[in-house]
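Before any comments, here is the structure.
The values are calculated or read from the model by the stated rules, or taken from the named source; none is laboratory data. Fair warning: this is a prediction, and the values are worked out from it, not measured in the lab. Methodologically, a virtual Cβ is constructed for each residue, glycine included, from the backbone with ideal geometry; neighbour enumeration extends over all protein chains shown. Remember, those area values only see protein heavy atoms, side chains included, never the ligands or the DNA or RNA. Shrake-Rupley method; radii C 1.70, N 1.55, O 1.52, S 1.80 Å.
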Amino acid sequence: MTTTQDPLAVALFGEIFMADQLARNRLSRVLPKGMELSHFSVLNHLARLHEPKTPAQLARTFSLTRGAMTNTLNKLEWAGHINVSPDWDDARRKQVVISPSGRRACDAALDAITPMISDIVNDIGADKVRAALPVLRELRARLGEQS
């Protein structure tokens, strides 16, 4: 059986994968000492929410195993950045919320990364970035449908 490669699709995903790797490396270098990119991602997500999430919901959001999310949540809880409490409606579940310390840590991380990402957007040009966002959002949505 032979497969036909789509050069446009291969080029698109190649660029996305490389940009992802380079972005992760640069972000990891500027995050506050001791904060990992996975910690920032979870804190940033929780900071935007107005309701608790379960570890299982967070694992699904980030396409991680429950074990991997539990590991990240344990580290964040140990650091005092999240509060994990029982779900009083269902004692088998836990609820996760960001703590005041977690909000400060998230803000510090955003303060650290914003100059770097703003410089990149400025170098590329705001109009080009704005034009790329709808395509990237649609790509994310379609990939999310298939998970």
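Within the set ALA23, ALA109, ALA9, ALA56, the sole residue that is more than 17 Å from the chain's Cα centre (by Cα) and part of a helix (DSSP H, G or I) turns out to be ALA9. What are the pairs with Cβ atoms under 9 angstrom where one residue, in segment 124-136, is on the phi < 0 side of the Ramachandran plot and free of Cβ contacts under 8 Å to residues at least 60 places away in the same chain and the other, located anywhere, is open to solvent by 60 Å² or more (accessible area, probe 1.4 Å) and of a type in the set (A, V, I, L, M)? Sequence gap at least six, or different chains. Going by the 9 Å Cβ cut-off, the qualifying pairs are VAL129/ILE120; ALA132/ILE124.
If I go through segment 103-137 residue by residue, how many of them are touching a helix residue (DSSP H, G or I) at 6+ places or on another chain (Cβ under 6 Å) and under 21 Å from PHE17 (Cβ atoms)? Final tally of qualifying residues: 4. When LEU58, LEU64, LEU22 are checked against the criterion of being in contact (Cβ under 8 Å) with a residue 12 or more places away in the chain and surrounded by 10 or more Cβ atoms within 10 Å (Cβ to Cβ), a single residue qualifies: LEU58.
Going through (1) over 19 Å from HIS39 (Cα atoms); (2) charged (D, E, K, R); (3) in contact (Cβ under 8 Å) with a residue 24 or more places away in the chain one by one, LYS75 falls short only on (1). Restricting attention to segment 67-91 and to residues that are in a loop (DSSP other than H, G, I, E, B) and charged (D, E, K, R), the residue that is least open to solvent (accessible area, probe 1.4 Å) turns out to be ASP87.
One residue is enough: does segment 111-125 have a residue meeting the conditions surrounded by 13 or more Cβ atoms within 10 Å (Cβ to Cβ) and closer than 18 Å to LEU49 by Cβ? No, segment 111-125 contains no residue that is surrounded by 13 or more Cβ atoms within 10 Å (Cβ to Cβ) and closer than 18 Å to LEU49 by Cβ.
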